[in-house]
Amino acid sequence: MRVLVTGSAGHLGEALVRTRQGSAIDVIGLDRKASPYTTHVGSIVDRAFVEKAMAGVDAVLHTATLHKPHVETHSRQAFVDTNVTGTLNLLEEAVRAGVRAFVFTSTTSVFGRALRPDAQQPAAWITEEVRPVPRNIYGVTKAAAEDVCELFHRDRGVPCLVLRTSRFFPEEDDDEAMREAYDAENAKANEFLYRRVDLEDVVAAHLLALDRAPAIGFARYIISATTPFLPEDVAGLRTDAAEVVRRRVPEYEAEYARRGWRMFPTIDRVYVNDRARRELGWQPHYDFRAVLTKLARNDYPRSELSAVIGSKGYHSPHQQGRENT
């Protein structure tokens with residue numbers, strides 16, 4: 001089988017190519033940046049380029065995107081071009097090539113304002129049934145691309161699964177207040193409770209989706225670490241998150257005390273991965289308890305794959321300037 005991986009110079013794209021190299025799968029990497037994992041250098045906005053890259057392809061793992069941090073450096077039109085038109089180009093050519101599966105990497109950012117309940121409200125319990133309310137051009141274009149995927153499944157019969165991934169990148173938080181208040185590793189460990197996932201687990205979810213897409217047809221899945229919280233915890237998470245964590249994962253206190261780390265005082269949302277585990281057979285290995293176990297051994301708290309991929313940053317040297325219209 002020949003698989004096209006878009007965004008092969010990025011975190012997830014490189015991880016997917018690395019994972020499949022040397023297997024029975026013929027992996028083709030596509031990216032606008034040259035890299036050891038990129039076979040075709042060009043843009044998914046260029047339909048003719050996409051057509052050439054799609055020749056002989058049996059399945060597509062579409063990870064290429066403009067990300068949330070690009071909101072500060074790229075125009076809204078650039079987001080539409082890459083995230084919507086680029087996805088449309090890939091789907092059009094996937095139909096022509098007769099691909100057996102198309103997996104689209106989306107984001108939990110599509111939920112947008114649904115993730116920010118009012119201060120007096122309990123934490124949001126986020127499942128696939130929650131209606132997205134995108135709050136910026138990134139979320140809007142990723143949600144639109146999801147809908148294009150659904151359209152192509154419904155009208156053209158393309159087996160297409162959408163994976164809404166939570167945070168898996170190693171870069172520091174884009175929130176300055178968070179960077180000032182918490183050590184970066186402290187903040188990331190906290191996030192495994194409700195909004196982070198390890199890169200190795202994201203790769204596993206994509207490969208399972210690739211295999212299951214023909215049978216499922218179309219579906220959206222949240223890809224995030226398994227939370228220890230239960231629905232009855234949502235009120236307490238807003239008022240005293242540390243108390244809820246003590247109740248669910250009591251062993252965290254000793255390790256955090258040893259490191260001088262702090263739990264967030266409040267948690268405003270929890271991503272729930274039940275559907276992905278049930279329907280894809282996904283079994284993520286890295287959750288808050290797994291991170292604690294590694295920290296207690298003074299090991300790197302995430303997967304070896306995430307350490308190998310490392311930090312890549314987001315902003316290219318050819319930034320397009322802040323949108324002001």
Residues satisfying the stated conditions in segment 170-190, i.e. crowded, with 22+ Cβ neighbours inside 10 Å and assigned to a loop (DSSP other than H, G, I, E, B)
none
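When you look at Val158, is it farther than 30 Å from Ala97 by Cα and in contact with a helix residue (DSSP H, G or I) (Cβ under 8 Å, 6 or more places away or on another chain), yes or no?
In short, no.
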Check whether at least one residue in segment 206-216 is within 24 Å of Phe79 (Cα to Cα) and either modelled with pLDDT of 95 or more or of a type in the set (Phe, Trp, Tyr) (or both), and report yes or no.
yes
Just the residues that are in contact (Cβ under 8 Å) with a residue 12 or more places away in the chain, aliphatic (A, V, I, L, M) and out of contact with any strand residue (DSSP E or B) (no Cβ under 8 Å at 6 or more places or on another chain), please, taken from segment 1-49.
Ala15, Ala24, Val45
List the residue pairs whose Cβ atoms are under 7 Å apart, where the first residue sits in segment 284-303 and is touching a residue at least 60 places away in the same chain (Cβ under 8 Å) and β-branched (Val, Ile, Thr), the second is part of a helix (DSSP H, G or I) and crowded, with 19+ Cβ neighbours inside 10 Å, and the two are 6 or more positions apart or on different chains.
Val291/Ala189
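The values are calculated or read from the model by the stated rules, or taken from the named source; none is laboratory data. All of these numbers come straight from a predicted model, not from anything done at the bench. All Cβ positions, glycine included, derive from the backbone under ideal geometry; neighbour counts span all protein chains shown.
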